[in-house]
Amino acid sequence: MSNNPSSTTGKPGNKTLGLIPLVAFAVGTMVGGGVFALSGMVVQEAGPGAIISYIAAGLVMLLSALCFAAVASRAKPGESGYAPIATTLSPMWRFITMWAFYICGVTGIAYVLMSFANYLLTFFPALKGQSIWFALGAAVLLALLNFGPAALVGKAETFMVAFKLAALLLLVIFGFIHFAPAELSNWLPHGTGSIWSATALLFTAYTGFNVITNMSGSVKNPGKTVPKAIILSLAVVAVVYIGVAIALVMSKQSGAEGFAEHGLTIAAKELIGQWGAYLVAIAACVSTLSGANANMLGSADLVVHMSANGDLPSKLGHLNKKGDPVSSVTLTAVITLILLLLGVLPGIGAEALKIIVIFCNVAAIVAMVIVDVTAVKMGLEKWKTPGMKLPLGPVIPILAILTALLQIPSLGWWQVLVGMAMVAVGFPIWALHKKYDTGGKADIRAHILSGNTPMGRALLRDGIAGNDVISQASQEAAKAAQSAQAAQNAVKNLDE
């Protein structure tokens, strides 16, 4: 079988992505960590103020997302959404942006897998304290999955997105069934500082939308579709986050042991019952694996694109004869395993999850600030190139920069320095890029143009069910809610 994608997929670009598959994949990436890994942590830290934190973080990210949409909309057919950064600033800053998002993606895999292990151990309480080994095992299994056919990866992702949205909708429904206005009477139980620190932790909860930008070269009418997909995915996820945060507050369990690590199962037990706790725990395991899987897929795809640009050696972005990204997945898995091993270091163990979340946030902030600076320059030039135009020239990008940078003081100083250092590694990598063997980049570009990249193949596979994800999740949640209501009525009848 030829490694030339045109021999297997027809003409380059003969498959294009639409709006719904892009939104479904972005939602799948964001919802995993933003809800299951972070919601218990931020509700415990800020109480009802966590609702404000989710809204504030969403608004901060919306400003940068609008800038990202404006920048990405200027990508030419076949280019990634990062290409305009090279033409507006320089190729080096395009690479540093992609590298920062890569660091964000890899650290995201690590903390989401830690969350997966915490939820998994709700079924095995006797193994409490051994979660790190389950996280390491999950990382290896995900890498093996991503070594295989992308169609399998995509099918797994579609199922996982539908299932977790159904479980979250069920939790939100019961949260509103138990809604008590008195629980929202004190929005600042731990002071205003807790809201801002929680907001800073949540910045990364909305960063999954950049997978849309990664795929803009294979998107139908990217100038219009990419901005719509980014904004729509942020809106969908914000609604889910706020609904879940309200449910957690209504559970009145934020002080319970383990709430920061697996708060959704504790809340579900209080709101729904033991069966609800088991259902949410299963959904949490599925969801966090889904988020980690999407991040691994997106991170591997970034390596492929960086190699296509000649910024990394072609071998790292090489796709084998079957079209599998073995090298980029291996690199991503190795870095993930190293990060996960923080959990076994003396004095860090229990704090490893929060530390890695901060690394992820720092990388995301750096990447978004570079994108925002690009948009500032475009705004000052009155958006002279074709693409999405933001009102008020550079005003929105400047606000995006300021609000993103304001998150940093609320994060730990040494964690910020380490996160910055991880991003700064990109500079020596760039300095050496002219010495790399880039002889295979033309072949990699051909794969990208045909949609034959890790994420492209997963999304573009024949019979993609992206259009069915939301409706399937809604139907499953409705059925579950009906069953739950019937069960509650039966219990009431027995009591009577």
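The values are calculated or read from the model by the stated rules, or taken from the named source; none is laboratory data. If you're wondering where the values come from, they're calculated on a predicted model, not measured in any experiment. Here the Cβ positions follow ideal geometry from the backbone for every residue, glycine too, while neighbour counts run over all protein chains shown. Just the protein is used for accessible areas: all its heavy atoms, side chains included, with ligands, DNA and RNA removed. Shrake-Rupley method; radii C 1.70, N 1.55, O 1.52, S 1.80 Å.
Pop out the carbon and sulfur fraction of the accessible area of the stretch 299-341 as a percent, whole number, probe 1.4 Å.
Numbers: 1020 of 1400 Å².
It is 72 percent, rounded to a whole number.
Can you sort SER307, SER131 by solvent-accessible area, 1.4 Å probe, largest first? The partial results should precede the final answer.
Numbers: SER307 0, SER131 30 Å².
My answer, sorted largest first, is SER131, SER307.
Relative to the present Cα-Cα distance, how much length would full extension add between TRP133 and GLU351 at 0.36 nm per residue of separation? Display every interim value, and only then the final one.
Details: separation 218, 0.36 × 218 = 78.48 nm, distance 1.59 nm.
76.9 nm is the gain from fully extending TRP133 to GLU351.
Multiplying the sequence separation of ALA126 and ALA421 by 0.36 nm and subtracting their Cα-Cα distance, what value in nm do you get? Each step should come with its number before you reach the end.
Numbers: separation 295, 0.36 × 295 = 106.20 nm, distance 3.82 nm.
So the extension gain works out to 102.4 nm.
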Which of the residue pairs LYS128/LYS252; LYS76/LYS441; LYS224/LYS377; LYS128/LYS269; LYS76/LYS315; LYS315/LYS389 have a Cα-Cα distance greater than 28 Å in the structure shown? LYS315/LYS389
For HIS190, HIS447, HIS433, HIS318, write out the residues from largest to smallest accessible area, computed with a 1.4 angstrom probe and no ligands counted. HIS190, HIS318, HIS433, HIS447
In Å², nearest 10: area of LEU127 left accessible to a 1.4 Å probe: 70
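If you add up the charges near LEU390, with Lys and Arg at +1 and Asp and Glu at -1, over every other residue whose beta carbon is less than 14 angstrom from its beta carbon, what do you get? Please list the in-between numbers first.
Numbers: positive: ARG74, LYS377, LYS382, LYS384, LYS389; negative: ASP372, GLU381.
With Lys, Arg at +1 and Asp, Glu at -1, the net is +3.
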Output needed: percent of Cα pairs per 5 Å distance bin for the stretch 100-152, bins running from 0 to the one holding the longest distance. 4, 19, 22, 20, 19, 10, 5, 1
With a point put 7 Å past each Cα toward its Cβ, work out how far GLU381 is from SER90 in nm, to one decimal. 1.6
If I ignore ligands, DNA and RNA and count only protein heavy atoms, how much of LEU136 is accessible to a 1.4 Å probe, in Å² to the nearest 10? 20
Taking amide hydrogens as modeled 1.01 Å from N in the peptide plane, which residues meet the under 5 Å criterion relative to SER73, leaving out close sequence neighbours? MET388
Accessible surface of the stretch 355-398, 1.4 Å probe, proportion on carbon and sulfur as whole %: 73
Largest-first ordering by accessible area, 1.4 Å probe, given options PHE176, PHE68: PHE176, PHE68
Modelled label-to-label distance, LYS435 and LYS76, 7 Å Cα→beta-carbon offset: nm? 3.1
